[in-house]
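Q: There's a structure below that I have some questions on.
The values are calculated or read from the model by the stated rules, or taken from the named source; none is laboratory data. If you're wondering where the values come from, they're calculated on a predicted model, not measured in any experiment. Here the Cβ positions follow ideal geometry from the backbone for every residue, glycine too, while neighbour counts run over all protein chains shown.
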Amino acid sequence: MKRHHAMPFGAECRPDGAVRFRLWAPNAKKVSLCLAGPKLAPLPMYPHHDGWFELTTDEVPAGSRYKFQIDDGAQVPDPASRFQPEDVHGPSEVIDPADFEWRDQAWRGLAWEEAVLYELHVGAFSPAGTFDGVIGRLQYLANLGVTAIELMPVGDFPGKRNWGYDGVLPYAPDNSYGRPNDLKRLVQAAHQLGLMVFLDVVYNHFGPEGNYLREYAPQFFTDRYQTPWGEAVNFGGPGSRTVRDFFMQNALYWLNEFHFDGLRLDAVHLILDESTPHFLNELAQTVRAGVAPGHQIHLVLENDANEARYLQRGHNRQPVFYDAQWNDDIHHVLHVALTGENDGYYVDYADHTLERLGRCLAEGFDYQGQASHFRNEKRRGEPSRDLPPTAFVSFLQNHDQIGNRAFGDRIAQLAPAPAIEAAMAVLLLAPSPPLLFMGEECGAVTPFLFFCDFGHELAQAVREGRRNEFGRFSRYSDPGVREKIPDPNADSTFLMSKLDWNSLSTSSSRNRLDFYRRFLAIRRASIVPLIPQIKAGEASYRVLDERGVSVSWPLMNGGKLCLSANLSNKEISIAPFPGATLLLSTSESGATPPNELARYEVRWTLST
């Protein structure tokens, strides 16, 4: 079976063997196609309306390398390049999607209620740091009990290492990970093991090195807004129709040509658009109408603004736009509860912490419109109580919450093991889909640091900027301490961030791994069947003696799924749920009285 997403731009291999090249260059007077090779003269491309240039030729086979020459001057890569064999500054390569034979025709995806996500960085996950390296660990992940792997961005970035959020060619899998067919083999291998595959995509900005769009299509950007990373993308001004299509086609390309099962959209609160419909709404509708029939796909947001409007459900309880949002609130609450940290953005969660945890579990967001002290008393969020728990992805660790710490500390280095296991006993069985970050399932202590590979001047600016950024934290106020923060551009910083698979041989790692496997098996058998029955908007919570929390989710059959959790090292008294059947207790003795919770005990019950 072949899969090919026909795009309105870039290099498209046609059935007759010809290749059509198309570039939007509204600021260019002429554009030529330059093929890599000795004594090959540029081929003129023909202007069309609205700034488009096009050429169809049967003299350029798949595998050929090319650039576009703008006005007899600069030669630039194809912004819709499917592959960059020589990195972002080099030529693009003509890729024929028909070269890959798919054998996963029977795969239709999984229901969102079944989602257990495992976020990983391709370069740091395996010793090889490639798509093939991930394939070699898929059986391990299937045995763990996750149902979906989520790849951090793979769009081509400058250099040999990067988190992926500095990509500049969003259609080209980075060559340090492998070729496009290697990524397709990864997706296919995951499907054969019953795993979904999600991709993290970045539509809010382009990286600072290797982006040539401004030279011939400055309409891609707008000076009406700014992002923390520079120029904002033009989603609503003159020329924005083509810009919007560029990203919408990118989403369809990954879902249709690479058969991904879902996308996670990075920091959409910085997709700044005042037009109607908002880009995010149009993107979701375009994707849901444009994917292959029968393929269940899922769209997930990261949105610091907590805008519940994008998560609304239709009459059939299906998402109108997006399935879910990463719920930073529940991470921040749990982090404060487990570690006692209260600086930076944690200041917003330092008071009434357990009440905030209960609200997150029962209603989704903690911040639903109240003022945020961290944001200078600006109101944050929209009411989320009426949304189902499946609209919120919960986690105790992810790439940001580890990597944005100065030394990449994982939670295992910051909180006692019993407290971590209590928190995960809550998250792994709560109705919201849980997300794990690579290595947490075995208690990994290898750091995950911020790393990149920029040119010299930019490298220095990033190094200094990162260290200065931590100057507002009291523990890094001393310049000498900040100098010890690892250099993001050093190869050693990346190597320190690679998972240490040898650590799996320790007894503590095996015990933690058994814990995750056991809870995920319980989730699949006992919790997933209940999730479609939960009544949205009717969950309730209460705080238990300022050290624990109790939550109940009413079911359509009249029953309730109930949680009682003690996050402290002291016993607490509780009022047991009447007529409840015990699903699980983490009590070490297994014989805690019904009206009492042992230290760090989590208890799940079901009443019918």
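Q: Quick one: Arg379 ticks every box in (1) modelled with pLDDT of 95 or more; (2) surrounded by 14 or more Cβ atoms within 10 Å (Cβ to Cβ) except a single one, so which number is it?
A: Arg379 satisfies every listed condition except (2).
Q: Being closer than 11 Å to Phe21 by Cα and of a type in the set (D, E, K, R): is that true of Glu54 here? Talk me through it step by step, then tell me what you get.
A: Numbers: closer than 11 Å to Phe21 by Cα: yes; of a type in the set (D, E, K, R): yes.
Yes.
Q: Report the residue count in segment 463-500 for those that are of a type in the set (A, V, I, L, M, F, W, C) and more than 23 Å from the chain's Cα centre (by Cα).
A: 5
Q: When segment 205-219 is examined, which residues are found to be surrounded by 22 or more Cβ atoms within 10 Å (Cβ to Cβ) and of a type outside the set (A, V, I, L, M)?
A: His205, Phe206, Gly207, Gly210, Asn211, Tyr216
Q: Of all residues in segment 332-352, which are buried (at least 24 other Cβ atoms within 10 Å of the Cβ) and either closer than 20 Å to Leu301 by Cα or β-branched (Val, Ile, Thr) (or both)?
A: Of everything in segment 332-352, those that are buried (at least 24 other Cβ atoms within 10 Å of the Cβ) and either closer than 20 Å to Leu301 by Cα or β-branched (Val, Ile, Thr) (or both) turn out to be His332, Val333.
Q: Of all residues in segment 407-427, count the ones that are assigned to a helix (DSSP H, G or I) and under 24 Å from the mean Cα position of the chain (by Cα). Give the steps one after another, and end with the answer.
A: Within segment 407-427, the first condition is being assigned to a helix (DSSP H, G or I), and the residues that meet it are 411-413, 417-427.
Next, only the ones that are under 24 Å from the mean Cα position of the chain (by Cα) stay: 411-413, 420-421, 423-427.
Residues meeting the conditions: 10.
Q: Within segment 353-374, can one find any residue that is within 30 Å of Ala284 (Cβ to Cβ), outside any strand (DSSP E or B) and of a type in the set (Ser, Thr, Tyr)?
A: yes
Q: Something else: I need the full set of residues from segment 482-509 which are among the basic types (Lys, Arg) and at pLDDT 95 or above, in order please.
A: Correct list: Lys498 only.
Q: For segment 432-486, which positions are touching a residue at least 60 places away in the same chain (Cβ under 8 Å) and among the polar types (S, T, N, Q)?
A: Those that are touching a residue at least 60 places away in the same chain (Cβ under 8 Å) and among the polar types (S, T, N, Q): Ser432, Ser474.
Q: From His48, His5, which residue is under 28 Å from Gly239 (Cα atoms) and either surrounded by fewer than 14 Cβ atoms within 10 Å (Cβ to Cβ) or over 35 Å from the mean Cα position of the chain (by Cα) (or both)? Before you say what the answer is, go through the steps one by one.
A: Values: His5 fails: either surrounded by fewer than 14 Cβ atoms within 10 Å (Cβ to Cβ) or over 35 Å from the mean Cα position of the chain (by Cα) (or both).
Exactly one of His48, His5 is under 28 Å from Gly239 (Cα atoms) and either surrounded by fewer than 14 Cβ atoms within 10 Å (Cβ to Cβ) or over 35 Å from the mean Cα position of the chain (by Cα) (or both), namely His48.
Q: Still on this model: What pairs come up if the first residue lies in segment 118-133 and is at positive phi, the second is part of a helix (DSSP H, G or I), and their beta carbons are under 8 Å apart, counting only those six or more places apart or on different chains?
A: Gly129/Val122; Gly129/Gly123
Q: Among the residues of segment 420-433, is there at least one that is of a type outside the set (Val, Ile, Thr) and farther than 30 Å from Ala536 by Cα? Spell out the reasoning first.
A: Keep residues of segment 420-433 that are of a type outside the set (Val, Ile, Thr), which gives 421-425, 427-433.
Add one more test, that the residue is farther than 30 Å from Ala536 by Cα, and what stays is none.
Looking through segment 420-433, none of the residues is of a type outside the set (Val, Ile, Thr) and farther than 30 Å from Ala536 by Cα.
Q: Within segment 552-606, track down each residue that is among the aromatic types (Phe, Trp, Tyr) and either out of contact with any strand residue (DSSP E or B) (no Cβ under 6 Å at 6 or more places or on another chain) or more than 26 Å from Arg385 (Cα to Cα) (or both).
A: Result: Tyr600, single match.
Q: Scan the strands (runs of 3 or more DSSP E) fully inside segment 1-108 and keep the ones with 3 or more residues being touching a His at 6+ places or on another chain (Cβ under 7 Å) and in contact (Cβ under 8 Å) with a residue 12 or more places away in the chain. Reasoning before the result, please.
A: On the way: elements: 10-13, 19-24, 31-35, 52-57, 65-70.
Because the criterion is at least 3 residues that are touching a His at 6+ places or on another chain (Cβ under 7 Å) and in contact (Cβ under 8 Å) with a residue 12 or more places away in the chain, no strands (runs of 3 or more DSSP E) in segment 1-108 meet it.
Q: Of the residues Gln75, Gln84, Gln105, which single one is of a type in the set (S, T, N, Q), over 17 Å from Leu199 (Cα atoms) and modelled with pLDDT under 95?
A: Exactly one of Gln75, Gln84, Gln105 is of a type in the set (S, T, N, Q), over 17 Å from Leu199 (Cα atoms) and modelled with pLDDT under 95, namely Gln105.
Q: Residues that are acidic (Asp, Glu) and surrounded by fewer than 19 Cβ atoms within 10 Å (Cβ to Cβ): does segment 242-259 have at least one?
A: Initially, segment 242-259 is screened for residues acidic (Asp, Glu), giving 245, 257.
Next cut, surrounded by fewer than 19 Cβ atoms within 10 Å (Cβ to Cβ) only: 245.
Among the residues of segment 242-259, at least one is acidic (Asp, Glu) and surrounded by fewer than 19 Cβ atoms within 10 Å (Cβ to Cβ), which makes the answer yes.
Q: For segment 155-182, which positions are aliphatic (A, V, I, L, M) and in contact with a Phe, Trp or Tyr (Cβ under 6 Å, 6 or more places away or on another chain)?
A: Answer for segment 155-182, where residues must be aliphatic (A, V, I, L, M) and in contact with a Phe, Trp or Tyr (Cβ under 6 Å, 6 or more places away or on another chain): Val168, Ala172.
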